[in-house]
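**Student:** One structure, as structure tokens, below. Some questions next.
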Amino acid sequence: MTATSSPLHHRWAREVRDVVAAVPLFVSAPLLRPWHTRWGATDAEVATAMPGDDLVPGCQYRTTRAITIAAAAEAVWPWLVQVGFNRAGFYSLDLLDNLGRPSAEELLPQFQNLQVGQWVPMSPTPSGRTAFRVHSYEEPRYLLWAKADSTWCWTLTDLSGGRTRLVTRIRTRYDWRHPVDAALGVLLMEVGDFPMLRRMLHGIRDRAEPAPEASSGSHLLLSEVAAPSEASSRPRCSRRRTTRPWRLRIAENTVDGSLTRGPFFSAEDVSPAATKRHRGVSGRRLHPGGGAHTPSVCSGEGRVQ
């Protein structure tokens, strides 16, 4: 094997392992529907109205999921803006949703120009039936994608300690006037949505949170125990984990005193910020521009105040 083909081989092998590790979640998703459709979300977050709730009536599939990120909303927002096929990817199982292309591990300035009506491609050739468009947004508070039979909304709420609560809601209607599209939608949503979106939330969290840097007297992270040549070539924001979704334990996610539980727990469910506090490490990621973001509000109907 040549030196140039070796990294590609290892990347594909890793992506195949990631998909295999997620198989238990794909298989069990239909059986765990009441739990995974509100994974990580509190009762209040599930009940709260979100932008786009009234755009597609008669939805048979509704989910509200959430994660806490140890970073300000301004640091999380750019990772959402650049999502899409032939853009930054989806920070999930790249072999399945990005044709094996690695999702971006850094912010891409060429995809940071957000506009109402622009495509959020889900495949190489976006169309009105397969791809979302940006319906409206308020930087950095919410982002709404929509298409004829579905809406996908993201909200960002400030928490104490410079953290952000990221909540996402998907609403989909199965249109049986188009049986093939409806059947494909059932397969994608009922089987594939939860494992993919769960990993996507973890991927956004891992990229947006400050990269750890060892401080004096701190313990080394396992990822830092590597040959110097390997460590120096690895992107600072790359913190991949091996998923073990079949470990049946209780997962606890504290959100300002409230507690949510679920039957699946793995190393991915533990925020790197929590381990950093115990290890005595800290870090900061620099974002393009380096300055404060200017909030803006846009919608399909034009600029609003």
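**Student:** Among 20, 120, which comes first, second and so on when ranked by fewest other beta-carbon atoms within 10 Å?
**Tutor:** 20, 120
**Student:** Report the far tail of the P(r) of region 80-168, meaning the percent of Cα-Cα pairs longer than 22 Å.
**Tutor:** 29 percent
**Student:** With +1 on each Lys and Arg Cβ and -1 on each Asp and Glu Cβ, how big is the dipole of region 125-200 about its Cα centre, in debye rounded to the nearest 20?
**Tutor:** 100 debye
**Student:** With the cut-off at 1.5 for a/c, could you classify region 19-129 from its C-alpha gyration tensor as rounded, prolate or oblate? Please list the in-between numbers first.
**Tutor:** Numbers: a/c = 1.42, a/b = 1.22, b/c = 1.17.
The shape class here is rounded.
**Student:** Could you state the per residue volume, in Å³, of the convex hull enclosing the Cα atoms of region 37-86? Provide the component values of the computation, followed by the final result.
**Tutor:** Numbers: hull volume 7.0 nm³, N = 50.
Considering the Cα atoms of region 37-86, their hull volume per residue is 139 Å³.
**Student:** Okay, next question. Calculated FRET efficiency, residue 56 and residue 86, Cβ-Cβ r, R0 25 Å, to nearest 0.05? Spell out each step's value before the answer.
**Tutor:** Values: r = 26 Å, r/R0 = 1.02.
Computed FRET efficiency for residue 56 and residue 86 comes out at 0.45.
**Student:** Would you kindly derive the ³J(HN,Hα) couplings of region 195-201 from the backbone phi angles with the Karplus curve 6.51 cos²θ - 1.76 cosθ + 1.60 (θ = phi - 60°), listing them in order in whole Hz, with x for Gly and Pro?
**Tutor:** My calculation for region 195-201 gives x, 6, 6, 4, 5, 5, 4 Hz in order.
**Student:** Separate question: Quote the charge dipole size of region 67-212 about the Cα centre in Debye, to the nearest 20; the model charges only the Cβ of Lys and Arg (+1) and of Asp and Glu (-1).
**Tutor:** For this selection, approximately 280 debye.
**Student:** Using Cα pairs under 8 angstrom and six or more residues apart, how large is the relative contact order of region 85-153, in percent? Write out the running numbers ahead of the final one.
**Tutor:** Numbers: 95 pairs, mean separation 14.5, N = 69.
Reported as a whole number, the value is 21 percent.
**Student:** OK, next. What nm distance separates the two modelled labels at residue 175 and residue 10, each placed 7 Å from Cα along Cα→Cβ?
**Tutor:** Result for the modelled spin labels: 4.6 nm.
Each reported figure results from applying straightforward, stated rules to the coordinates on display, with no laboratory input. None of these values were measured; they are calculated from a predicted model. Quick reminder, even Gly has a Cβ in these numbers, built from the backbone with ideal geometry, and neighbours come from all protein chains shown.
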